[in-house]
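Structure, as structure tokens:
Just so it is clear, none of the values below were taken in a lab; they were calculated from the coordinates. These numbers were taken from a predicted model, which means no experiment stands behind them. Positions of Cβ are backbone-derived with ideal geometry, glycine not excepted, and every protein chain shown enters the neighbour counts.
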């Protein structure tokens, strides 16, 4: 049984909790980050066609999203540890089989099973994020950890050779390592969120936060569609519109990762000091402007600057939206499925981005994506304000006994 099983409030971030929560989340979401190298491995070593490999990885991502959403109720309750362990075991088994058994049926089954397991890990890690104090700082550190580990993995895999053993086997090994950290996951808090809703207008508060939670999930899926649609066509748009070569695009990818690390690190250090709602509004507004600008710039240097700036702003928005989900409910009711809905929106992004750009041009795509962000900014900012109020109410309505327990 975890040391946190008897906790009665949001708990502070310790080294062991950080390793467990962020490590499990990173492993769960790693499939999405490794899709390009996994497709290279499938086509190069096993002879899959580009379409076949892409379809298989899309199926794995959708399986991940479905598992995350279907297990979110369990992970926000008493099934957090079971789902985490089962998910990591399936991830290790599925991707391990795909890595070391060179049979097409085994690979297909393994990649899909690995995706299902990864969804359970994402759900458990996301739910546990809600149990940590200072959701802004926790989400910032989580984003920083994700970017840092992914950067290392993306460096190691080409060095080892982008084959099945490195692309899928490395992820299987990381899942096994994360399995040993599951006892450190913080458990579902029983208060002050429960007590707060029992003291101050329980029905109104519950209804308000429930509407806000479902609204956040819907908005996050649409926001993911818009963000990843631009990312899907960034390379071709740079080549066609700004005559950006492969070297330039590689530099964009590297500096974009650095920008994301700096943005997430800033929030991780600053925590609540920056606030949540105003930075989110500024980031969304800037992101909309940069999307519109990306579709019309023709200078290679300016295009690179726009895409790097957009990627940095993207990470800021991402972290604050996840932080709002965690703050809405300490049990992880909304932070558990939030990355699942992101994957749903992201799954349709390549089709949407390429279809709109081919049908109407890159300039129209930029305006469409920018307009989507502006439209989503209104509900997301409102939901962020509700998350701040909910978090404060939960802390303010704690009894002296609960406050003493939280301090200890």
For this session: Considering the convex hull of the alpha carbon atoms of the range 195-396, report its projected area averaged over all viewing directions, in nm², one decimal.
Result: 11.0
For this session: Report relative contact order for the chain in percent, whole number only (criteria: Cα-Cα under 8 Å, sequence separation at least 6).
Result: 27
Problem set entry | Among 236, 257, 181: highest mean-square fluctuation, GNM of the chain, C-alpha pairs under 10 Å | 236
Seminar exercise, completed: For the residue 253, residue 374 Cβ pair and Förster radius 25 Å, calculated FRET efficiency rounded to 0.05 is 0.40
Exercise. In degrees between 0 and 90, to the nearest 10, how far off the longest principal axis of the chain does helix 349-360 point, with axes built from Cα atoms?
Worked result: 50
For this session: Determine, for each peptide in 241-248, 121-128, 258-265, the mean count of other beta carbons within 10 angstrom over its residues, then list the peptides with the highest first.
Result: 121-128, 258-265, 241-248
Seminar exercise, completed: Quick calc: nm separation of the 7 Å Cα→Cβ label points for residue 207 and residue 50 -> 5.4
Seminar exercise, completed: Cα pairs beyond 35 Å in the chain, in percent, come to 25
For this session: Can you tell me the 0 to 90 degree angle between the C-alpha axis of helix 277-294 and the longest principal axis of the chain, rounded to 10?
Result: 10
Seminar exercise, completed: Checking 33, 311, 134 against a Gaussian network model of the chain (alpha-carbon springs below 10 Å), the top fluctuating residue turns out to be 33
Seminar exercise, completed: Placing each pseudo-label 7 Å from Cα in the direction of the beta carbon, residue 155 and residue 177 end up separated by a distance in nanometres of 1.4
Exercise. Hey, what angle do you get for helix 338-347 against the long axis of the chain, alpha-carbon based, 0 to 90 degrees rounded to 10?
Worked result: 20
Problem set entry | Fewest-first sequence of 319, 211, 149 by Cβ atoms within 10 Å of each Cβ | 211, 149, 319
For this session: Starting from 0 in steps of 5 Å, tell me what percent of the Cα-Cα pairs of the range 15-187 lands in each bin.
Result: 1, 10, 19, 22, 20, 13, 8, 4, 1, 0
Exercise. Going by how many other Cβ atoms sit within 10 Å of their own, how do 184, 231, 310, 334 line up, fewest first?
Worked result: 231, 184, 310, 334
Exercise. Which residue, 374, 69, 217, has the most motion in a Gaussian network model of the chain that connects Cα atoms within less than 10 Å?
Worked result: 374
Seminar exercise, completed: Taking a crude spin-label model, label points 7 Å out from Cα along the C-beta direction, the residue 214 to residue 351 distance in nm is 2.5
